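The values are calculated or read from the model by the stated rules, or taken from the named source; none is laboratory data. A quick note: this is a predicted structure, and the numbers were derived from the prediction, not measured. Here the Cβ positions follow ideal geometry from the backbone for every residue, glycine too, while neighbour counts run over all protein chains shown. These accessible areas exclude ligands, DNA and RNA; they are computed on the full protein's heavy atoms, side chains included. Shrake-Rupley method; radii C 1.70, N 1.55, O 1.52, S 1.80 Å.
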Amino acid sequence: MSSQTEQDQLSQQILETASGLYLKYGLKKVTMDDISKAVGKSRTSIYYYYKNREEVFQAVLANLIREVISEIDANMKKRNTFEGKIEEFCLSKIKTSEERSSFFRAIEAGMDNEEKSKHITDAHNRMMEAERSLLLNLFSISISNREIPAVSSEEQETIIFILQSSIRGIRREMGLKKSFESLNTTVTTLTSMVIKYIK
C-alpha cells in the first residue's frame, strides 16, 4: 500500500471518527484531543491533516454533502426521463435529509443563535448550491437531448428554487405530522406541475 493511500485512509478515518463523536456528544463538546484518542493517533498526526476543530468540522460537512449529492445523483440515474429524474431528486432529497437529521440535531446541541447561524446556515447554503448544480446539469443534458424545450437560464433558476423550497416545506410538514404516507403522491404532483410549466 502506498503512503498516499495510507494518508487518504487516515484523513477519511479522522472525518468518520469526528462525525461519530459529533453525533454522540454534539459539535461543541468534541475537542481535537477527543478525536485523536478515538482515532488512536497522536494530536500531531491529526494536526498534519487539520489545523483545528473548525477545519475538521468543515471537512466533515464537505464529506457529508458529497455523500448526499452522490446518493441523490445515483438514484436519479436509475430513471430514464427528465420527469422521472426530477421526481427521484425530490424523493431522494427528502429521504437523505430524514436519514441525516439526527446528525444535524446533534451538531446544533449547545449552540447559541450566532453559532447556529454560522454553521447550520453555511451547511444549508452549501447543500443547496450542490443540489442546484446537479439540477442545472440535468437541464443542460435534457435540453441538449431535446427531451425538453430550451428553458431559459432564468426559468431554470426559478424552477430549481421552487423545487428546493417545496421539498423543504413538504419534508418539514410531513415531519411535524410524523407521517410520510402521502409523500409519493405529493412529489408526483409537484413534478407534474414542473413538467406542465416547461412544456
**OP:** Run down Val39, Val30, Val60 and say which single residue is among the aliphatic types (A, V, I, L, M), in contact with a Leu (Cβ under 9 Å, 6 or more places away or on another chain) and farther than 30 Å from Ser92 by Cβ.
**Re:** Val39
Original post:
Just one of Lys29, Lys77 is under 29 Å from Asp8 (Cβ atoms) and in contact (Cβ under 8 Å) with a residue 40 or more places away in the chain; which is it?
Top reply: Lys29
Original post:
Could you say whether any residue in the range 188-198 is farther than 15 Å from Ile86 by Cα, of a type outside the set (S, T, N, Q) and over 20 Å from the mean Cα position of the chain (by Cα)?
Top reply: no
Original post:
Which pairs have Cβ atoms under 6 Å, sit 6 or more apart or on different chains, and link a residue in the range 127-147 that is open to solvent by less than 40 Å² (accessible area, probe 1.4 Å) to one that is at pLDDT below 95?
Top reply: Met127/Ile65; Ala130/Ile65
Subject >> In the range 123-133, the residues that are of a type outside the set (Lys, Arg) and within 12 Å of the chain's Cα centre (by Cα) >> reply: Ala123, His124, Asn125, Met127, Met128, Glu129, Ala130, Glu131
**OP:** Go through the range 149-172 and give me each residue that's out of contact with any Lys or Arg (no Cβ under 7 Å at 6 or more places or on another chain) and under 13 Å from Glu98 (Cβ atoms).
**Re:** Arg168, Ile170, Arg171, Arg172
**OP:** Only one of these is farther than 18 Å from Phe103 by Cα and not aliphatic (A, V, I, L, M): Asn63, Asn52. Name it.
**Re:** Asn52
Original post:
Conditions: (1) modelled with pLDDT under 95; (2) under 25 Å from Glu67 (Cβ atoms); (3) part of a helix (DSSP H, G or I). Leu176 meets all but one. Number of the miss?
Top reply: (2)
Subject >> Residues within the range 175-187 that are in contact (Cβ under 8 Å) with a residue 40 or more places away in the chain and surrounded by 14 or more Cβ atoms within 10 Å (Cβ to Cβ), tallied >> reply: 4
Original post:
Residues of the range 70-125 being open to solvent by 50 Å² or more (accessible area, probe 1.4 Å), modelled with pLDDT under 95 and of a type in the set (Val, Ile, Thr), which ones?
Top reply: Thr121
